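Since the structure comes first, as structure tokens, the remarks are kept for the end.
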Amino acid sequence: MTKNELRSLYSQQMLVEAVVEPSLSSDGWIVEFRHARGGLVPLTDGNGIEQCFGDVDMATENALEIGFHQVRIVDA
């Protein structure tokens with residue numbers, strides 16, 4: 001989901017956690033959000049492609065922009 005879509009879910013209290021973790025498909029970090037109904041929702045671009053960030057700080061900053069005050073970082 002895009003940032004705008006995720007912000008909307010966050011404002012509706014449908015997202016309960018922000019998670020930054022290493023990407024399995026490329027060298028970098030991805031951002032996912034735990035949905036209140038279960039499952040993870042990834043941060044994607046407008047084309048639905050999962051966004052991958054070069055460092056954990058940039059990924060964390062993007063997670064915080066959704067509205068969360070803290071982010072869980074999973075270090076594989």
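The values are calculated or read from the model by the stated rules, or taken from the named source; none is laboratory data. Not measured: the values here are computed from a predicted model. Note that we place each Cβ from the backbone using ideal geometry, even for glycine, and neighbour counts take in every protein chain shown. Protein only, heavy atoms only, side chains kept; ligands, DNA and RNA dropped before computing areas. Shrake-Rupley method; radii C 1.70, N 1.55, O 1.52, S 1.80 Å.
Observations
- Solvent-accessible area, 1.4 Å probe, carbon plus sulfur percent, for the chain: 48 percent
- The GluC sites (Glu not before Pro) of the chain meeting both criteria, a DSSP state outside H, G, I, E and B (loop) and at most 14 other C-beta atoms within 10 angstrom of the site's C-beta, are GLU65.
- Amide hydrogen proximity for ILE73: with H placed 1.01 Å from N in the peptide plane, the residues at 5 or more positions away or on another chain lying under 5 Å are VAL20.
- Of LEU64, LEU24, LEU43, the one that fluctuates the most in a GNM where the chain has Cα springs shorter than 10 Å: LEU24
- Based on C-alpha pairs under 8 angstrom that are at least 6 apart in sequence, the stretch 3-73 has a relative contact order of 34 percent.
- Average accessible area per residue (Å²) across the chain - probe 1.4 Å, nucleic acids and ligands excluded: 61 Å²
- Electrostatic bookkeeping for LEU64 treats Lys and Arg as +1 and Asp and Glu as -1; over the other residues with beta carbon under 15 Å from its beta carbon, the sum is -3.
- Pairwise label distance in nanometres, VAL16 with ARG34, each label 7 Å out on the Cα-Cβ vector: 0.7 nm
- Every pair of different Cα atoms in the chain enters the Kirkwood calculation, which places the hydrodynamic radius at 12.1 Å.
- Largest GNM mean-square fluctuation among ALA63, ALA36, ALA18, using the chain with Cα springs under 10 Å: ALA36.
- Helix-only CD estimate at 222 nm, as mean residue ellipticity for the chain, using -39500 (n - 2.57) per DSSP H run (n ≥ 4): -6500 deg cm²/dmol
- For the stretch 9-76, trypsin sites (Lys or Arg not before Pro) meeting the loop criterion (DSSP other than H, G, I, E, B) and having at most 12 other Cβ atoms within 10 Å: ARG37.
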